[in-house]
1. Jot down the per residue volume, in cubic angstrom and as a whole number, of the convex hull over the alpha-carbon atoms of segment 132-182.
2. Out of the total accessible area of segment 18-91 (probe 1.4 Å, heavy atoms of protein only), what percent is carbon and sulfur?
3. Need one number for the chain: average projected area of the convex hull over its C-alpha atoms, nm².
4. Can you give me the distance in nm between label points at ARG220 and ASP273, each placed 7 Å from the Cα along the Cα-to-Cβ direction?
5. What FRET efficiency, computed as 1/(1 + (r/R0)^6) with R0 = 41 Å and r the Cβ-Cβ distance, is obtained for HIS148 and PHE364, rounded to the nearest 0.05?
6. Among 164-176, 414-426, how do they line up by average Cβ neighbours within 10 Å per residue, starting with the highest?
7. Pulled fully out, how much extra length does the chain show between GLU461 and ASP536, if you take 0.36 nm times their separation in residues and subtract their Cα-Cα distance?
8. What net charge is computed for the residues neighbouring VAL334, neighbours being all others with C-beta under 14 Å from the C-beta of VAL334, Lys and Arg scored +1, Asp and Glu -1?
Amino acid sequence: MTEQMTGAQALVRALEHVGVDTVFGIPGGAILPAYDPLYDSAKVRHVLVRHEQGAGHAAQGYAQATGRVGVCMATSGPGATNLVTPIADAYMDSVPIVAITGQVASAAIGTDAFQEADISGITMPITKHNFLVINPDDIPRTIAEAFHIAATGRPGPVLVDIAKDALQAMTTFQWPPVMQLPGYRPVTRPHSKQIREAAKLIADAKRPVLYVGGGVHKARAAAELLEFAELTAIPVVTTLMARGTFPDSHRQHLGMPGMHGSVPAVGALQRSDLIIGLGVRFDDRVTGQLSTFAPHAKIVHADIDPAEISKNRHADVPIVGDCKEVISDLIAAVRNEDRKGDYSEWWTQLDAYRATYPLGYDEFEDGSLAPQYVMERLSAIVGPDAIYTAGVGQHQMWAAQFIGYENPGTFINSGGAGTMGFALPAAMGAKMGSPDTTVWAIDGDGCFQMTNQELATCTIEGVPIKVAIINNGNLGMVRQWQTLFYNQRYSNTNLQTVRRIPDFVKLAEAYGCVGLRCERPEDVDATIKKAMEINDVPVVVDFVVHQDAMVWPMVAAGTSNDEIKFARDMAPAWDSED
Ligand SMILES: Cc1ncc(C[n+]2csc(CCOP(=O)(O)OP(=O)(O)O)c2C)c(N)n1
Ligand SMILES: [Mg+2]
């Protein structure tokens with residue numbers, strides 16, 4: 001199929017061919033030629049956001065709710081640089097997005113032209129790949145390549161920067177284009193020798209742990225994981241990026257590992273003799289001080305990205321491959337192994353940890369609201385079929401700890417980058433990708449003030465998300481560190497939002513949403529139920545909570561996981577039990 005058209009028309013046609021139905025963006029001079037044919041597209045819906053950062057996070061939320069590539073679009077210069085944070089976020093969390101930016105005309109590149117920024121240079125270290133297109137003939141092929149690279153292997157963000165004159169010039173449109181990606185061949189099939197080796201270690205182990213990360217859901221391997229876990233009876237921990245990939249209610253689930261992980265999960269990893277890491281990064285928030293992490297454990301590490309293996313912790317058995325294939329092969333190999341591991345003593349020890357150190361929190365005597373209670377009630381009333389997004393801070397950790405996740409991909413948050421402002425636009429994107437699912441953004445009063453303008457987009461575009469602001473009046477997570485490590489000197493963390501500056505209920509109403517407020521435990525259920533009944537416009541609930549609630553357990557940054565505290569100055573009594 002060949003046809004004469006402009007580069008801009010070729011871009012829109014190519015987006016239609018790769019199956020794009022939603023693009024989040026804001027127009028401007030350099031990208032304007034593309035917006036003209038976009039106006040006519042019956043297949044691609046453009047969602048006009050209020051800030052490019054919102055476009056990027058919405059694309060991330062859309063991608064994670066649908067399993068497809070999310071798309072955002074911006075003009076050159078400041079439009080493009082406003083996308084840098086979501087691109088970095090998507091890179092850290094391996095989220096497949098394609099960012100399309102206009103660039104100044106090719107003759108003006110390098111002249112400090114109006115709204116010129118070298119966005120491909122800027123995003124080089126935070127994209128899986130990026131392209132600068134100056135020839136209109138290259139547009140369809142580049143789009144096909146960008147979507148292929150974003151979605152395959154380890155997913156990630158790809159930037160396509162297109163010079164304005166390439167959008168305006170005539171070209172011959174051809175589809176399908178011939179992709180030119182020499183050297184890009186992600187390995188998905190694991191090596192059978194490594195799989196057999198892993199199965200042997202599993203049979204020999206006495207204290208194994210399945211350390212499950214975001215890569216397992218990205219490989220759509222939750223069913224295989226469940227089968228593998230039940231076949232072997234190995235305990236499971238799910239990272240922040242993997243919450244829901246293994247059901248919280250399953251008796252083999254020990255909770256989340258890491259800085260704010262459960263005592264059983266952290267303790268199990270520390271005492272383990274074999275860690276089977278699946279789609280994980282062994283990042284510092286999980287390992288704590290690396291030199292003291294799981295000192296007696298052999299490591300089986302499976303990941304689709306060979307660069308992850310032995311990056312932080314040496315892998316005794318490295319496995320490069322897609323987690324779905326890796327786990328399927330592990331199931332077969334464990335079945336083939338004539339010996340079976342015996343973990344009964346291990347389970348006795350772990351059950352004791354669970355009985356002694358369940359997740360808990362303090363209520364406040366003055367009758368004010370505990371944020372953890374809000375999470376528990378949301379979990380109970382909204383249930384596990386909803387999608388929850390989170391901002392970054394204490395509320396994010398409480399959302400990870402106190403909401404029960406049963407389904408993969410139902411907790412969407414900013415894990416690697418920790419980007420404040422992620423929750424609301426990500427919820428918007430998730431809701432657009434999955435319109436029949438209830439989507440709650442769990443946000444902080446600080447985070448909410450970074451991206452709440454997308455409520456306008458939600459109202460106008462008919463995207464009825466629900467937002468729970470956990471309003472503690474503070475940059476709470478930073479305040480927690482000041483409480484613990486800076487002698488309670490609260491430098492620049494008090495936002496004073498409990499003084500209603502801004503008044504979140506009025507702000508919600510100004511954006512055409514319903515605004516609700518809840519300040520007492522006895523009103524929580526009724527407020528959540530009321531929010532659940534409103535499905536025509538977005539709902540914002542201002543949960544005014546006590547400022548002194550803290551996130552426990554905690555491993556202080558840079559210290560050993562052995563130093564975990566389950567409350568202030570309260571360390572588990574490991575030795576007496578071991
Ligand atoms: C863009 C950005 N700036 C700064 C930080 C540092 N930071 C981490 S958590 C946090 C406080 C967030 O406050 P809030 O949204 O109210 O959440 P809370 O911890 O109170 O639940 C800050 C400032 C960050 N993660 N991201
Ligand atoms: Mg706060």
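1. On the way: hull volume 3.9 nm³, N = 51.
With only Cα atoms used, segment 132-182 gives 76 Å³ per residue.
2. Numbers: 1220 of 2360 Å².
The value for segment 18-91 is 52 percent carbon and sulfur by accessible area.
3. Numbers: hull surface 107.2 nm².
Reported value for the Cα convex hull: 26.8 nm².
4. 3.9 nm
5. Working: r = 53 Å, r/R0 = 1.29.
The pair HIS148/PHE364 has a calculated efficiency of 0.20.
6. On the way: 164-176: 18.4, 414-426: 27.5.
Descending mean neighbour count gives 414-426, 164-176.
7. Values: separation 75, 0.36 × 75 = 27.00 nm, distance 1.10 nm.
Extra length from GLU461 to ASP536 when fully extended: 25.9 nm.
8. On the way: positive: ARG196, LYS200, ARG335, ARG339, LYS340; negative: GLU197, ASP204, GLU224, GLU227, GLU230, ASP329, GLU337, ASP338, ASP342.
Local net charge: -4.
The values are calculated or read from the model by the stated rules, or taken from the named source; none is laboratory data. Treat the numbers as computed from the prediction; the structure is a model and nothing was measured. Heads up, the Cβs are rebuilt from the backbone with ideal geometry, glycines too, and the neighbour counts pull from every protein chain shown. Protein only, heavy atoms only, side chains kept; ligands, DNA and RNA dropped before computing areas. Shrake-Rupley method; radii C 1.70, N 1.55, O 1.52, S 1.80 Å.
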